[in-house]
Amino acid sequence: MKLGLGTVQFGLPYGIANRQGQPSIEEVRQILDQAAIAGVRTLDTAPLYGDSESIIGKLLPPSHPFEVVTKTPQFKSDRIDRQDSSHLRKTFEQSLENLKQSFTYGLLVHQCTDLMLEGGEQLWEQMQDLKASGKVQKIGVSVYSSQDIDTILENYKIDIIQVPVNVFDQRLVSNGYLKALKKSGIEVHARSAFLQGLLLMSSADRPAFFQPLEPHFAHYQAILNTYQTTPLIACLDFLKQCPEIDRIICGVDNLNHLTQILLALEKSSGIPSDVFSQLSITQEKFLNPSEWK
């Protein structure tokens, strides 16, 4: 199954459309159980996701079916030194302890710009060492743009990459980067499937910041109406139509949300790729949640 489970909501009240906050421990247990039964095999987490790793560690049985992907910590300097490299390793060891795992499937640099700083190669060397020791199977990065990808691939040989892709953010599809990544044998995980839930919200619920996009949202709704489909089915179907994507990482606020996603995955929107391409936008301030006001 292409679906991977994002877990930031397990540890933080995350997402522009999240009205519920963090699910309870019991609900997270039910989410993990349902995901396992449905064939979901990837859990995406990070030390920066609040208590997410500890909660997952409390709930996963020893014989769980998931491949866990975690990330590096935050570095607060303008250059990387040996102390930062040591911090990466200690944080990862803490992640293993919190997750109650002897290894993880993946370790991603959470902010790819950390590798671009002076001394950034020291972080990569530490990650390579963790991989060589068997504590990580695949190492890579989380990126925001094609420029990030260019810089990373010029300097590092990565196994896995996490990229933003959705019906509005088709930049890596249209410029051929997804195809190039796949051709290079890099495992591709797509995040922001629903743009933090923005693509599923009604016009009445969307924040005023997105008012300039109202004509585009109207076109989006018109297409949904024409093909008699829902935003959820359309968002997932667009990503299913991208053969280069190995995993679609979706976070859920509750068990019902996961159930809806699993049901939607089984359906087709009927929207052809050339119609989906009409929904692409390029304004960074609307596509990158870190720039939202």
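Read-outs throughout are calculated quantities, based only on the coordinates presented, and are distinct from any laboratory measurement. Quantities reported herein were computed from a predicted structural model and do not represent experimental measurements. With ideal geometry, Cβ positions are generated from the backbone for all residues, glycine too; neighbour counts draw on all protein chains shown.
Where a Cα-Cα gap under 19 Å defines reach, which lysines qualify for residue 135, not counting those fewer than 8 residues away within the same chain?
71, 90, 100, 157
Below 8 Å between Cα atoms, with a sequence gap of 6+, how large is the relative contact order for the chain in percent? Mind dumping the intermediate values first?
Values: 477 pairs, mean separation 59.1, N = 293.
RCO, the chain: 20 percent.
Where does the Debye-calculated log10 I(q)/I(0) of the chain sit at q = 0.10, 0.11, 0.12 Å⁻¹, using only Cα point scatterers of equal weight, no solvent?
Ignoring solvent entirely, the Cα scatterers give -0.53, -0.65, -0.78.
Quickly rank 43-55, 168-180, 263-275 as a protection proxy: mean count of other C-beta atoms within 10 Å, highest first.
Ranking the peptides 43-55, 168-180, 263-275 by packing returns 43-55, 168-180, 263-275.
Evaluate the Kirkwood expression for the hydrodynamic radius of the range 149-192, namely the inverse of the mean inverse distance over all pairs of different C-alpha atoms, and round to one decimal in Å.
Answer for the range 149-192: a Kirkwood hydrodynamic radius of 10.8 Å.
Taking 30 Å as R0, compute the FRET efficiency from the Cβ-Cβ separation of residue 292 and residue 240 and round it to 0.05.
Values: r = 27 Å, r/R0 = 0.89.
According to the calculation, E is roughly 0.65.
Which aspartates and glutamates, if any, have their Cα less than 16 Å from the Cα of residue 285, not counting same-chain residues under 8 positions apart?
169, 214
Just how large is the dipole of the range 3-291 about the Cα centre, in debye to the nearest 20, putting +1 at every Lys and Arg Cβ and -1 at every Asp and Glu Cβ?
Values: 25 positive and 33 negative charges, 80 e Å.
Computed charge dipole of the range 3-291: roughly 380 debye.
In whole angstrom, note down how far apart the Cα centers of the range 102-155 and the range 177-209 are.
21
Using a Gaussian network model on the chain with a 10 Å cutoff between Cα atoms, which of 142, 192, 280 fluctuates the most?
Judging by the Gaussian network model, the answer is 280.
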